[in-house]
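Remarks on the structure that follows.
Every number here is computed from the coordinates shown, using simple stated rules; none is lab data. Computed from a predicted structure; not experimentally measured. Here the Cβ positions follow ideal geometry from the backbone for every residue, glycine too, while neighbour counts run over all protein chains shown.
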Amino acid sequence: MSANEVQGSFGRRRLFGLLGALGAALVSFSGFHSASAQTPVRFTLDWRFEGPAALFLMAQEKGYFKAEGLDVTIDAGNGSRESIPRVASGAYDAGFGDVNALIRYRDENPSIDLKAVMMVYDRPPFAIVGRKSRGVTSDVKTLEGKKFGAPAADAAFAHWPIFKAVNKIDDSKIRLENVGFPVREPMLAAGEVDAVFGFANSSFINLKARGVPADDIVTLLMADYGVELYGNAVMVSPKFAAEKPDAVRGLLRAITQSIKDAIANPEIGGQLVIKRNDIARLDVEVERLKMTIEQNVMTPWARTNGFGGIDPARWVRALDQLALAAPFRDKERAGTAFTESYLPPHEQRKF
């Protein structure tokens, strides 16, 4: 091989090497760009990392959020009412909270167009939980003359005016004691109160975990006693909805699949919870998740119509009941607190 041929061969190899390096750099840059293109989303739960949180954690664990181009961070909450100002302020892009409190928030803050975009709890977990040994039964009249533990910020307690109006309870015969969330069930377990306001999937399970016999626990679900309200829903901040509507749709697609997976595999859902809550017990959180699915998510209406949406006629009745607690300033505007425009197609939301 001549000197010119050797030089030419070396030159070609060098050129191909440079092209290969350039190609690798482009692939690397493309991968970096793809990763950086993930839309960050801050999501607040309504409460601690307990069983129901698995409805959302499945999407994070299985990559459903990532597949939609979303980098979702899920934080614990401080109550189903407290998540609303978190999202309304823009501190969080989306969250899970009580739609009834959201309706009130819209009425009290007419300049903020915060809306729920997916109904998760078709029936709310609002309940009065008492003990048979303290004289409480499924008959609402047994509540009269009793002492209640009533956390001021509790969503169930917020709807006591509706429950007592619908069931014609004389609350002058009832003693209400403002208690903190951490001592609510311990006080009932110790007999310091006769009943408490709370979420059934929280108070009932917590009492059992504290050693109170299941047959001594009486759970009066408000939905079984004429209260037609909806429960917790996914909401998104006005800014996030306006600027990134496709991200909202992707978020709901991921949550839809996440809920289905949690229903199919509640044991796995419980494991995801205890990974994030080192004081939680697997058996307790799996039971809590199953209870939530059965009582609040997979209701007869949702089984027939799919989850995520609402029944317009019931929504109107719910607004009328909310007005029993306090009149609206602008009932029409407050009533537009829910939109189905971001939901996945109906067929995808069937169980």
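Some observations on this one:
- Nitroxide proxy distance, nm - points 7 Å out along Cα→Cβ at Arg329 and Ala264: 4.6 nm
- When you restrict to C-alpha pairs under 8 Å that are six or more residues apart and normalise by the size of the chain, the relative contact order lands at 26 percent.
- GNM flexibility winner over the chain from Ala323, Ala155, Ala302 (Cα, springs under 10 Å): Ala323
- Descending principal axes extents, segment 126-225, alpha-carbon based, whole Å: 33, 26, 23
- Exposure proxy ranking, count of Cβ atoms within 10 Å, fewest first, for Ile162, Ile255, Ile310: Ile310, Ile162, Ile255
- Residues His346, His159, ranked from the fewest to the most other C-beta atoms within 10 Å, line up as His346, His159.
- Length available on full extension from Arg281 to Ser111: 0.36 nm per residue minus the Cα-Cα distance, which gives 56.9 nm.
- Computed over the chain, Kirkwood Rh from alpha-carbon pairs, angstrom: 22.1 Å
- Partner lysines for Lys331 [C-alpha distance under 19 Å; skip if fewer than 8 residues away on the same chain]: Lys115
- Taking the number of Cβ atoms within 10 Å of each Cβ as an exposure proxy, the fewest-first ranking of Thr292, Thr339, Thr44 is Thr339, Thr44, Thr292.
- Residue of Ala94, Ala264, Ala233 that the Gaussian network model of the chain assigns the largest fluctuation, springs spanning Cα pairs under 10 Å: Ala264
- Relative to the longest principal axis of the Cα atoms of the chain, helix 312-325 runs at roughly 50 degrees.
- Filter on Lys66/Lys350; Lys239/Lys275; Lys66/Lys244 - keep pairs with C-alpha separation over 26 Å: Lys239/Lys275
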